[in-house]
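Read-outs throughout are calculated quantities, based only on the coordinates presented, and are distinct from any laboratory measurement. Just so it is clear, the structure is predicted and the values come from calculations on it, not from any experiment. Cβ sites come from the backbone with ideal geometry, for glycine too, and all protein chains shown count toward neighbours.
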Amino acid sequence: MLALMGFAAAVGFQLGERTLETSPTPPFAASPLTIVAVQGTLVDERQMSVEAEWGRVGRVLNRLAGTVTTSSSVPVGETVVVDAGAVLFSVNELPVVAMPGGVAAYRSLAPGAVGTDVRQLQEFLVAAGYGVDAIDGRWRQDTTVAYRQWRTDRLLPARSEIALGEIVFISSLPLTVTPVAGLVAGEVIGDGDVAFEVLAAVPTLRLSLGTDVSLQVPVATLVDVDVAGEVVSTTATERQSLSDAGGRLADLALVGDGVCGQWCESLSTSGVSSWPAVVRLKGPATGVVVPVGAIRSGAGSGTVVVTQEGSSVPVEVVLQVGGDAIVTGLSAGDVVVIPGTSAGVAG
């Protein structure tokens, strides 16, 4: 009997000990997640596309009827900047030269001629370094000498007269042009045929916004366009239009002097070309960065963050990009609490 009781007692002790070993683990106490504020830079950039198109603003007409003996040095579909004195092409071996002037060439010129067209010729010669006694629109010996010397220096046949069509007076030089399809050696060209189309000083650039009306690009937003490897800096303007497909387009303006650079030569004059672009919608801004989730409403209309010690610190959001924000009122290294989150910490 004693032995049996002793056995029972032993068994009871072991069962009791086993029961203590299998008791549930105490629950974890929830504590909020914290994060360290850091110094950083935020910028909201989007990859988009830009359409480029040359506008036509005029035409250059040929006045020499005959056969094109020297074609334009620029293929159809490409552009060239024409300046005063440039040889555009030749017809029947007569070079056609561009000169500045508001009155179009309408007759042949020779010694003894009087008129505005003669004055324009004299103004060109003087600007090119070939002096005349007077810029008065009268072709005298001094004009003949200057004109012949200019032709000799340009390796052109020495002549003292100008056939109608040998000079094309253009009101504003330099200008950007593109040749027409028929301006090639061997083609027959008539008096009055179009030789070149005059293009706008710079192409029209439009940012493609698509059909998403929620995407807004404020005026003066910086847009960097990659044209054949060259970055062209532009800004968005207030002018918008619709594409043929119904998408929104925002006109862009060149940054700086607004002059066409080397990149303009990469744009085809036929139709619209598309180029990748980076649109900087917000920023860049540098400062103390915290998650947007750490910012909460404070007293009144202000915003605060709560530090690890439980203090509410007033902050002002300088820039928000995605889930991050740059704020004032904090220092890099401050530990802030993310409300509504928890990290498991044993109690």
Linear extension gain, residue 208 paired with residue 318, 0.36 nm per residue minus alpha-carbon span: 36.8 nm
Dipole of the stretch 59-199 [Lys/Arg +1, Asp/Glu -1 at C-beta], most positive-end residue of 141, 89, 73: 141
In sequence order, calculated HN-Hα J values of the stretch 136-149 (Karplus, 6.51, -1.76, 1.60; Hz; x Gly/Pro): 10, x, 10, 7, 10, 4, 4, 5, 4, 4, 5, 5, 5, 5
Value of relative contact order over the stretch 59-199, rounded to a whole percent, pairs C-alpha under 8 Å and six or more apart: 42
Exposure proxy order (Cβ contacts within 10 Å, fewest to most) of 243, 73: 73, 243
Fewest-first ranking of 196, 89, 169, using other Cβ atoms within 10 Å as the exposure measure: 169, 89, 196
log₁₀ of I(q)/I(0) at q = 0.10 Å⁻¹ - the chain, Debye sum with one point per alpha carbon: -0.80
Over the stretch 194-347, relative contact order from alpha-carbon pairs under 8 Å, at least 6 apart, %: 18
Ranked 147, 130, 106, criterion: other C-beta atoms within 10 Å, fewest first: 106, 130, 147
Phi-based couplings in Hz for the stretch 301-308 (Karplus 6.51, -1.76, 1.60; Gly and Pro marked x): 9, x, 10, 9, 10, 10, 7, 4
Net charge dipole size for the stretch 214-270 [Lys, Arg +1 and Asp, Glu -1 on Cβ; Debye, nearest 20]: 220
Antiparallel DSSP beta bridges within the chain, as percent of all bridges there, nearest 5: 95
Residues whose placed amide H lies under 5 Å from that of residue 85, excluding near-sequence neighbours: 98, 99
Formal net charge of residues neighbouring residue 276 (Cβ-Cβ distance under 15 Å; K, R +1; D, E -1): -2
The stretch 211-236-the stretch 76-144 distance, computed between alpha-carbon centres (Å): 43
Karplus (6.51, -1.76, 1.60) ³J(HN,Hα), θ = phi - 60°, over the stretch 310-323, in Hz, Gly and Pro reported as x: x, 7, 8, 10, x, 9, 10, 7, 8, 7, 10, 10, x, x
Dipole axis of the stretch 59-199 (+1 Lys, Arg; -1 Asp, Glu on Cβ), positive-most option in 98, 157, 60: 157
Value of [θ]222 nm, deg cm²/dmol, for the chain, DSSP H segments ≥ 4, -39500 (n - 2.57) each, nearest 500: -4000 deg cm²/dmol
Point-charge dipole on Cβ atoms (K/R +1, D/E -1) for the stretch 201-328, about Cα centre, debye to 20: 320
Computed FRET value (nearest 0.05) for residue 41 with residue 172, which takes r as the C-beta separation and R₀ as 45 Å: 0.50
Long-range amide H partners of residue 58 with built H, under 5 Å: 198
Check: the chain dipole with +1 on Lys, Arg Cβ and -1 on Asp, Glu Cβ, in debye: 280
